[in-house]
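Notes follow the structure.
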Amino acid sequence: MTEQQQSFDFSPGLPAWAQNLAVFDLETTGLDLREARIVSACAVEIDANGQVIGANSEWLADPVIDIPTQASDVHGITTEVARRDGRPAAEVVSELLETLRGFFERGLPVVAYNAPYDFTILHFEALRHGLEPLQNPGPIIDPLVIDKFKDKFRKGKRRLENAADFYQVSLDDAHNATADAVAAGRVAQAIARRWSNELPSTAAELHDLQVGWSEYLDADFENFMRRCGACWP
């Protein structure tokens, strides 16, 4: 545990909205939001202790296209494995959409770390397979946005592995869809405890606030890069 981690207390009670969450993560063929294909996915529920409850839903898809080495080196799923063991991509995408719709219809907040990435890829995968995309999904909780906005000046990277380490959340199998999804949910719960007095009381309010926070963070980063660029020879 670092000195920085000892400087605050994670013990305050968990807000009501964070006591039962859905968590969502994708592993894909690449970073292009329109062209990347889903390779593996997880969408499950966790309880107030961060434990998986209900069906443990993880999918392995055959994305049809080759999985680039750069991607398989990250998540460990090769083209050969996906073609041998993966299910048809259209079936996987359909079931994933149905599962997430079920969460939203029940009013469960869905946690995704860097949520625009996962939800945008899922959107274009739905269109690719002639399926109905999620329409205005919510509430979505993005721990990355909340953490960056509430703790702007903390040094270091903000990848999920870094956030898990900082918030004392176990992540032993990074880039496995289920491990990442559950860790993101537990990070969201740790953030909810840390900032319980400064976050809204409902997930819907937090969802709306994150939109503005994300826009602010993007603009702030652009201004930073512009200022730094002016200093370079």
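Report, by residue number, each residue of the stretch 166-188 that is surrounded by 17 or more Cβ atoms within 10 Å (Cβ to Cβ) and more than 13 Å from the chain's Cα centre (by Cα).
Those that are surrounded by 17 or more Cβ atoms within 10 Å (Cβ to Cβ) and more than 13 Å from the chain's Cα centre (by Cα): Phe166, Tyr167, Val169, Leu171.
Filter the stretch 1-44 down to residues that are at pLDDT 95 or above and among the small types (Gly, Ala, Ser), then give me how many there are.
7
Do you know which residues across the stretch 17-48 are closer than 13 Å to Ala181 by Cβ and among the small types (Gly, Ala, Ser)?
Within the stretch 17-48, Ala22, Ser40, Ala41, Ala43 meet the criteria.
For the list (1) over 30 Å from Ala203 (Cβ atoms); (2) hydrophobic (A, V, I, L, M, F, W, C); (3) crowded, with 17+ Cβ neighbours inside 10 Å, I need the number of the one condition that Leu97 fails.
(1)
When you scan the stretch 13-101 for strands (runs of 3 or more DSSP E) that lie fully inside it, which ones turn up with 2 or more residues that are touching a residue at least 60 places away in the same chain (Cβ under 8 Å) and under 19 Å from Asn114 (Cα atoms)?
By residue number, 21-28, 38-46.
Would you call Pro63 surrounded by fewer than 17 Cβ atoms within 10 Å (Cβ to Cβ) and in contact with a Gly (Cβ under 9 Å, 6 or more places away or on another chain)?
no
The values are calculated or read from the model by the stated rules, or taken from the named source; none is laboratory data. Because the structure is a prediction, the values reported are computed rather than measured. Quick reminder, even Gly has a Cβ in these numbers, built from the backbone with ideal geometry, and neighbours come from all protein chains shown.
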